[in-house]
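Let me begin by presenting the structure, written as structure tokens, before commenting on it.
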């Protein structure tokens, strides 16, 4: 059985976990991709993403208040759909989207670290550094909750303070200008679909709040603090995202932001602060990605352990010592390493967005159809969240079909295999 420790995570620790996951991947890995889709006014897309995320978070807060659980989303799905294929498959979609997020952060770590050296970004060192970070995250996670929450809380404070300095400093250099980014000679002409698709990536930047729900029963006074931690984390992340996005927009032309989309913050530090600014930005990126990986691995391993305890997913010990949590840590890290090695940042982000939005829609439908009275949810808010997800997912898929059909195909084959595999497993073990 998995070992869950009640009251082992404080409100501050929960906020640290949430912001640790969000800010690490959200701003460092995705800002350039958002600019590529939305054009000169890309900072405003983060506001849209924050609003959509707030609607989405409503369902999770209501569920957490009624069913606080260390399995978080897995337990929510059981309450809505029972122990069947939909529950198991949707929970795996969530877990895998979080593992995808880990590989996104790991590659971001490698990309930003190499900015300190004259190394091509296509170098094998990017995935190698990412794999090294994932190995470190595994070692930290086997050390226990107390160390994890202390480490992530301190790291979150450091990176938030550092990014605030970067954002305010960059805006100061630009005379606190909030004008759209200059085109730089190559204008981007976004469509309505690409604007909406860009929101999908910002949602991926905010989805770290689910890390908090996945640790529900381990948080002190969960019915009071889970909702608080979620809203505080989203608010802090949105403020940081806006500061950084406007700072980058003020110091780099749009074509340069897009060209250097995998390391746009480091590139923006050069004209604003010179070499010292570059070192400072890369240092913050390293702290942010390390804390993000640790917090995400922490949440996913507990969710997979609970699904295993409920016999909703297959599990093999492979001769490994320790409890189920230790085994799921290994599975999580190995899959993240595979994605880190074989996929680039853009495709990793796209897969993560598609899988997460599908799972999110299943959660909202379950609340509306089966649980709205039990958890006291407002139907209008839940249906609004569901509708926003559907529109954003449709726009994102349409844009990706026209630009990268491969990643859409891989994502949908992956989803079909998960549902088919879970149906086969549950029928065999019934």
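In the stretch 204-315, counting only helices (runs of 4 or more DSSP H) that sit wholly within it, the ones holding 1 or more residues that are at positive phi and more than 20 Å from the chain's Cα centre (by Cα) span 264-309. For the residues 39, 50, the requirement of being part of a helix (DSSP H, G or I), at positive phi and either touching a residue at least 40 places away in the same chain (Cβ under 8 Å) or crowded, with 24+ Cβ neighbours inside 10 Å (or both) singles out 39.
Per-residue answers, yes or no, for (1) surrounded by fewer than 23 Cβ atoms within 10 Å (Cβ to Cβ); (2) free of Cβ contacts under 8 Å to residues at least 40 places away in the same chain; (3) touching a helix residue (DSSP H, G or I) at 6+ places or on another chain (Cβ under 7 Å):
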residue: 327; (1), (2), (3): yes, yes, no
residue: 330; (1), (2), (3): yes, no, no
residue: 355; (1), (2), (3): no, no, yes
residue: 371; (1), (2), (3): yes, no, yes
residue: 375; (1), (2), (3): yes, no, yes
residue: 422; (1), (2), (3): yes, no, yes
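Of the residues in the stretch 398-411, none is within 14 Å of residue 358 (Cβ to Cβ) and either over 20 Å from the mean Cα position of the chain (by Cα) or assigned to a loop (DSSP other than H, G, I, E, B) (or both). For residue 195, the test of being at pLDDT 85 or above, surrounded by 23 or more Cβ atoms within 10 Å (Cβ to Cβ) and within 23 Å of the chain's Cα centre (by Cα) is failed. Each residue in the stretch 58-79 was checked for being in a helix (DSSP H, G or I) and either crowded, with 24+ Cβ neighbours inside 10 Å or without any contact (Cβ under 8 Å) to a residue 40 or more places away in the chain (or both), and 9 of them qualify. For the condition touching a helix residue (DSSP H, G or I) at 6+ places or on another chain (Cβ under 6 Å), surrounded by fewer than 22 Cβ atoms within 10 Å (Cβ to Cβ) and modelled with pLDDT of 85 or more, residue 55 qualifies. Out of all the residues in the stretch 396-417, is one or more touching a helix residue (DSSP H, G or I) at 6+ places or on another chain (Cβ under 7 Å), surrounded by 20 or more Cβ atoms within 10 Å (Cβ to Cβ) and free of Cβ contacts under 8 Å to residues at least 40 places away in the same chain? The answer is no; no qualifying residue exists. Taking the numbered list (1) surrounded by 14 or more Cβ atoms within 10 Å (Cβ to Cβ); (2) without any contact (Cβ under 8 Å) to a residue 60 or more places away in the chain; (3) out of contact with any helix residue (DSSP H, G or I) (no Cβ under 6 Å at 6 or more places or on another chain) in turn, residue 386 passes all entries but (3). Remark: pairs (first residue in the stretch 1-29, crowded, with 24+ Cβ neighbours inside 10 Å; second residue modelled with pLDDT of 65 or more and in a loop (DSSP other than H, G, I, E, B); Cβ separation under 6 Å; 6+ apart in sequence or on different chains) = 9/215.
Of the listed requirements (1) more than 12 Å from residue 17 (Cβ to Cβ); (2) in contact with a strand residue (DSSP E or B) (Cβ under 8 Å, 6 or more places away or on another chain), residue 218 misses just one: (1).
The values are calculated or read from the model by the stated rules, or taken from the named source; none is laboratory data. In this text the structure is predicted, and so the values were computed from the model without any measurement. Methodologically, a virtual Cβ is constructed for each residue, glycine included, from the backbone with ideal geometry; neighbour enumeration extends over all protein chains shown.
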